[in-house]
Amino acid sequence: MTLKAIVAMDPNGAIGRDGGLPWHYPADLRFFKRTTRGNTVVMGRRTWASIGRPLPDRLNIVLTRRGLEGVAEAAPGEGSGATETAARANREELTGTGVIAVASADDALRAHAEHGRGDLYVIGGAQVYAAFARRVDEWIVTRIPEAVADADTFLPDSLFAGFERYRSEEIGDGLVVDFLRRA
Ligand SMILES: NC(=O)c1ccc[n+]([C@@H]2O[C@H](COP(=O)([O-])OP(=O)(O)OC[C@H]3O[C@@H](n4cnc5c(N)ncnc54)[C@H](OP(=O)(O)O)[C@@H]3O)[C@@H](O)[C@H]2O)c1
């Protein structure tokens, strides 16, 4: 299993503002979708709230220490898949969505091993990138060209210490994605 972190950030490391993304780049949303679909994504409770729905065709793991109303708690050994676990816990709202709430990064890795498929993508926000930083094998970084005003969520440079770029891809809308792996 490869652990990948995917993020879009401006030249100052800004990634968020007022609980959401500070920009709207359809090309980046398309890139995110084609990169992560068919795999597992793990996100923080605030990012989950900002997305507002489970990302389709992906197991969605949500990190929270206090639990999520309406989201099934991970139940190790129970059920044969995340979708079933979620559906049993809250059949009306969650059938077919594939959402698991977990209380730690270790539990997220276990939930992926048990219920997920493909690679595990850390999709933010800042707290969750930090929680997984030492285990990340690869960073996928969309470079937002303009600095954002009034951003309130940033990634520290230290998260990328020891990584080097091994390829870049133009994805449209004037955006470039850098792929970084451990040097
Ligand atoms: N540009 C990008 O690519 C990108 C990607 C994702 C998000 N964002 C932006 O980033 C911002 C949100 O980031 P954020 O750092 O404020 O919040 P976040 O990481 O999305 O969520 C934080 C919450 O996750 C839970 N959590 C975090 N670490 C945990 C751990 N080790 N164990 C258990 N639970 C843990 C806690 O939930 P509880 O409080 O429920 O315990 C915590 O309050 C938003 O503006 C969002 O739009 C940007």
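5 Å is the cut-off here: which amide hydrogens, built 1.01 Å from N in the peptide plane, fall below it relative to I61, excluding neighbours closer than 5 in sequence?
Excluding prolines and chain starts, which carry no amide H, the hits are V41, V42, M43, I100.
Rounded to whole Hz and in sequence order, give me ³J(HN,Hα) for the stretch 26-42 from the Karplus expression 6.51 cos²θ - 1.76 cosθ + 1.60, θ = phi - 60°, writing x for Gly and Pro.
Going residue by residue, I get x, 5, 6, 5, 5, 4, 4, 5, 5, 6, 9, 5, x, 10, 10, 10, 10 Hz, with x marking Gly and Pro.
Once amide H atoms are placed 1.01 Å from N in the peptide plane, what residues at a sequence separation of 5 or more from D119, or on another chain, have their amide H within under 5 Å of its amide H?
For D119, the qualifying residues are T40.
What's the exposure ranking of H115, H24, going from fewest to most Cβ atoms within 10 Å?
Fewest to most other Cβ atoms nearby, the residues stand as H24, H115.
Give a residue-ordered list of calculated ³J(HN,Hα) values for the stretch 121-131 (Karplus: 6.51 cos²θ - 1.76 cosθ + 1.60, θ = phi - 60°; whole Hz; x for Gly, Pro).
For the stretch 121-131, the Karplus-derived couplings read 9, 7, 10, x, x, 4, 4, 7, 4, 5, 5 Hz, x marking Gly and Pro.
Only four residue types carry charge here, +1 at the Cβ of Lys and Arg and -1 at the Cβ of Asp and Glu. Report the dipole size of the stretch 114-183 about the Cα centre in Debye, rounded to the nearest 20.
The calculation lands at about 380 debye.
Which cross-chain or sequence-distant (5 or more) residues have an amide H under 5 Å from the amide H of I144, H modelled 1.01 Å from N in plane?
Answer set, sorted by chain and number: M9, D10.
Expressed as a whole number of Å, what is the distance separating the alpha-carbon centroids of the stretch 124-172 and the stretch 1-50?
One Cα centre to the other: 10 Å.
Among 171-181, 5-15, how do they line up from the highest to the lowest mean number of other beta-carbon atoms within 10 Å?
Per-residue Cβ counts within 10 Å, averaged per peptide and sorted highest first, yield 5-15, 171-181.
Using the count of nearby Cβ atoms within 10 Å as a rough guide to exposure, how do Y121, Y166 rank from fewest to most?
Listed from fewest to most nearby Cβ atoms, that is Y166, Y121.
How large is ³J(HN,Hα), in whole Hz, for each residue of the stretch 98-114 in order, when computed from phi with the Karplus curve 6.51 cos²θ - 1.76 cosθ + 1.60 and θ = phi - 60°, using x for Gly and Pro?
Coupling constants for the stretch 98-114: x, 10, 10, 9, 9, 9, 7, 4, 4, 5, 5, 5, 5, 5, 5, 4, 7 Hz.
No lab work stands behind these numbers, since they all come straight from the coordinates. Keep in mind that what you see is a predicted model, and the values were worked out from it rather than measured. Quick reminder, even Gly has a Cβ in these numbers, built from the backbone with ideal geometry, and neighbours come from all protein chains shown.
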